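Presented below is the structure to which this report refers.
The values are calculated or read from the model by the stated rules, or taken from the named source; none is laboratory data. Bear in mind that the values here come from a model prediction, so they are computed numbers and not experimental data. Neighbour counts run over all protein chains shown; Cβ positions are idealised from the backbone, glycine included.
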Amino acid sequence: MPESKKTKDTATESAELYHPSKEVIKAAHVKDYDKLYKESIEDREGFWAKEAKKLEWYRKWDKVLDDSNKPFYKWFTGGKTNIVQNAIDRHQKTWRRNKLAFIWEGEPGDVRTMSYHALNREVSKFANVLKSMGVRKGEIVTIYMPQIPELPIAMLACAKIGAAHSVVYGGFSVEALATRIEDANSRVLVTADGGWRRGKITDLKGIANQAIERSPTIEVCITVKRTGQEVYMENDRDFWYHDLMGLPIASAYCDTEKTDSEDMLFILYTSGTTGRPKGLVHTHGGYSVYTATTHKYVFDIKDEDRWWCAADPGWVTGHSYLVYAPLINGSTIMMYEGAPNHPYPNRWWNMIEKYGITILYTSPTAIRGLMRFGSQWPKRHNLETLRLLGSVGEPINPEAWKWYHEVIGGGRCPIMDTWWQTETGGFMITPLPITPLKPGSATKPFFGNEVGVVKEDGTDAKAGEEGKLVIKAPWPGMARTIMGDPDRFIDTYWKEYAKQGWYKAGDSARIDEDGYIWVIGRIDDVIKVSGYRLGTAEVESAMVSHADVAEAAAIAVPHELKGNAIHAYVILRTGVAGNKALAESLKEHVSKELGPIARPEVINFMESLPKTRSGKIMRRVLKARAMGVDEGDLSTLEE
Ligand code: WTA
């Protein structure tokens, strides 16, 4: 295949513009972005209605957009659909019934495949199991699992019966799991004995047991046997998944609940400015339409594709683009349990070759991590089946972009750098395969979306000028609220630009002269470590739960591999001396409470922390000092 064309484009941030090849353009679903974008903005509801009609509905909607109670927008009101109707049920009526839904590889090398037919049976069986446990419509089931097929099966089974799921990332630990169970008031927890990570077993059931001790709401815990070690199971509370799935009650026939468009599909917790994570609510109708449409157009999805989204289902990327969108689009989905470099750094490249993967969607951190091992690892493999690549989670640095493009994509695969959030449900700013690319820019808004970069006073920033990223109009995939806290939903996202009715993303960005959007990073207390989202407040509260710590502040400092690393500043209790051993034990403590991703890279013992006169820690000052740059305006600093 021909290499994509590069031209010099000196007027913009990046010197190069990468044009897609004729083959890519020929294959693409959308050939004219500008025209369709214009139409979608002029008649937003018309655009989304047209896309929604491509899905099945038990009952058609009365209204595409109900904006009578802003910012609590509703989409496709009066309509009845269930995401499972489109993700599984409708495929049973076509040849796709025999198509592979999942190809799964465990870290030890075990392989499982599942057709849409088999997926339907497994999901129906588990849906019946949940029903037999008394799970009802509207109830929230917490799922805490490794990346094994039972994870999407459990999610889909909840959705099928109209219950909502709350998936807690399997890399999180006791504290994070317990607070999420509590907030969701979950009665049922689905977990596994363990998972494989770098040749070791993760102790999921052990952590789950500790979390249950702190969460009195859990009555039933269902455990998938994955790793087989001895685990503690309590009579009347704990059940093995395989035992339940073997009971007559687990019939492979189960009606899909005819949910309303606006019925809750899931909540997903994400970090914000306070220690308490917020459970963002997504619903059946709008989310189905939004994820399926973005996936199809951005990744030019065809029936022949083998789609690999290498994210964990515990994060929104896994929800939208590992599970729901690709199933709605009838794709064959690759899923892998373990570490990318286990047992060798060619693990991913080997799987791409072995399974003939056509599209890889991953994070800049993963790319940087694999790039570090050198090009000889991918070069051992035939990666010619790949036709498109994707990136998500953090800005991708041009060096990683170019390596991904050249070495993995053979110079022929455009990279879809998709900017979005847990709150947005799906891609908001993204190229299409036909878009000329600039490494490091997520390029243009998706159809229907009006994106702005604005200054403090709400006026548009000039070309090239940094400002706050806002979304100026509603979209079907948007989160509906924060569970149990609608005021926080307004305060966090809608208050600052209430007059204009804009959504504040919490990121800073620039738009260049060609209208390309460059996302810079978070401007709030959210930290992106290896593309994972954490809150400084979560890390701080984990730190102060250590017996020796009086006060703590956490900041993000740029890190070559992880994008950002956590640096913590700690004031110890009187009489405790800071030393290397204590620093290590603090790191270990955070890791144990929250999970290994939250482990601080650096711990600094302090006599005092820079604070405003009203007592707020000035993280900005700590960050400036850590990075050796000017501390900026210190007029509010306490003496
Ligand atoms: C960041 C992940 C630059 C951003 C889907 C956003 C990105 C946060 C990109 C949301 C990208 C995500 N370029 N930054 N392509 N994609 N981000 O909720 O800071 O885990 O606000 O959703 O990730 O993180 P979340």
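Please verify whether G410 is part of a loop (DSSP other than H, G, I, E, B), touching a Lys or Arg at 6+ places or on another chain (Cβ under 8 Å) and away from the ligand (no atom under 16 Å from the Cβ), treating the condition exactly as stated.
Details: part of a loop (DSSP other than H, G, I, E, B): yes; touching a Lys or Arg at 6+ places or on another chain (Cβ under 8 Å): no; away from the ligand (no atom under 16 Å from the Cβ): yes.
So G410 fails the test.
Screening V298, V316 for residues that are under 30 Å from R488 (Cβ atoms), surrounded by 24 or more Cβ atoms within 10 Å (Cβ to Cβ), β-branched (V, I, T) and within 16 Å of the ligand (Cβ to nearest atom) leaves exactly one candidate, V316.
Looking only at region 36-49, count every residue that is without any contact (Cβ under 8 Å) to a residue 60 or more places away in the chain and closer than 20 Å to T77 by Cα and tell me the total. Even if it seems obvious, please write down each step before you answer.
The first filter runs over region 36-49 and keeps only residues without any contact (Cβ under 8 Å) to a residue 60 or more places away in the chain, leaving 38-39, 42-43, 45-46, 49.
After this cut, where a residue has to be closer than 20 Å to T77 by Cα as well, the list is 43, 45-46, 49.
Residues that pass the stated criteria total 4.
Is it the case that G452 is in contact (Cβ under 8 Å) with a residue 24 or more places away in the chain and in a loop (DSSP other than H, G, I, E, B)? Walk me through how you get there before you give the answer.
Details: in contact (Cβ under 8 Å) with a residue 24 or more places away in the chain: yes; in a loop (DSSP other than H, G, I, E, B): no.
Criteria not met by G452.
Quick one: is I207 surrounded by 14 or more Cβ atoms within 10 Å (Cβ to Cβ), within 19 Å of Q147 (Cβ to Cβ), among the aliphatic types (A, V, I, L, M) and within 24 Å of the chain's Cα centre (by Cα)? It is true that I207 is surrounded by 14 or more Cβ atoms within 10 Å (Cβ to Cβ), within 19 Å of Q147 (Cβ to Cβ), among the aliphatic types (A, V, I, L, M) and within 24 Å of the chain's Cα centre (by Cα).
Considering only residues in region 384-401 that are surrounded by fewer than 18 Cβ atoms within 10 Å (Cβ to Cβ) and away from the ligand (no atom under 16 Å from the Cβ), the one that is farthest from W308 (Cα to Cα) turns out to be E384. When L322 is tested against (1) touching a residue at least 60 places away in the same chain (Cβ under 8 Å); (2) buried (at least 24 other Cβ atoms within 10 Å of the Cβ); (3) in contact with a helix residue (DSSP H, G or I) (Cβ under 7 Å, 6 or more places away or on another chain); (4) not polar (S, T, N, Q), exactly one condition is not met: (3).
Of all the numbered requirements in (1) out of contact with any Gly (no Cβ under 9 Å at 6 or more places or on another chain); (2) away from the ligand (no atom under 13 Å from the Cβ), W419 misses one, and that requirement is (2).
Residue-wise test of (1) modelled with pLDDT under 95; (2) farther than 30 Å from W349 by Cα; (3) out of contact with any strand residue (DSSP E or B) (no Cβ under 7 Å at 6 or more places or on another chain).
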position	(1), (2), (3)
R59	no, yes, no
F72	no, yes, yes
T94	no, yes, yes
T113	no, no, no
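Within region 50-73, the residues that satisfy the criterion of being in contact (Cβ under 8 Å) with a residue 24 or more places away in the chain, farther than 24 Å from K504 by Cβ and among the hydrophobic types (A, V, I, L, M, F, W, C) are A52, L55, W57, W61.
Residues in region 182-198 that are outside any strand (DSSP E or B) and touching a Ser or Thr at 6+ places or on another chain (Cβ under 7 Å): E182, A184, N185, S186, R187, D193, G194.
Residues in region 524-534: is at least one small (G, A, S), in contact with a helix residue (DSSP H, G or I) (Cβ under 8 Å, 6 or more places away or on another chain), more than 12 Å from the ligand (Cβ to nearest atom) and not in a strand (DSSP E or B)?
We begin by selecting, within region 524-534, every residue small (G, A, S); these are 530-531.
Narrowing the set further to residues that are in contact with a helix residue (DSSP H, G or I) (Cβ under 8 Å, 6 or more places away or on another chain) leaves 530-531.
Now narrow it down to the ones that are more than 12 Å from the ligand (Cβ to nearest atom): none.
No, the conditions are met nowhere in region 524-534.
Considered as a group, the residues in region 562-613 that are exposed (fewer than 13 other Cβ atoms within 10 Å of the Cβ) and aliphatic (A, V, I, L, M) include one that is farthest from G171 (Cα to Cα), and that residue is A577.
Scanning region 271-301 for residues that are touching a Leu at 6+ places or on another chain (Cβ under 8 Å) and under 23 Å from I523 (Cα atoms) yields a total of 3. Checking E513, E540 one by one, the residue that is away from the ligand (no atom under 15 Å from the Cβ), closer than 22 Å to W419 by Cβ and either assigned to a strand (DSSP E or B) or in contact (Cβ under 8 Å) with a residue 60 or more places away in the chain (or both) is E513 and no other.
Results for (1) closer than 30 Å to S166 by Cβ; (2) within 25 Å of the chain's Cα centre (by Cα), shown as yes or no for each residue.
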site: V451; (1), (2): yes, yes
site: W475; (1), (2): yes, yes
site: M478; (1), (2): yes, yes
site: I482; (1), (2): yes, yes
site: Y497; (1), (2): yes, no
site: D514; (1), (2): no, no
site: I523; (1), (2): yes, yes
site: V526; (1), (2): yes, yes
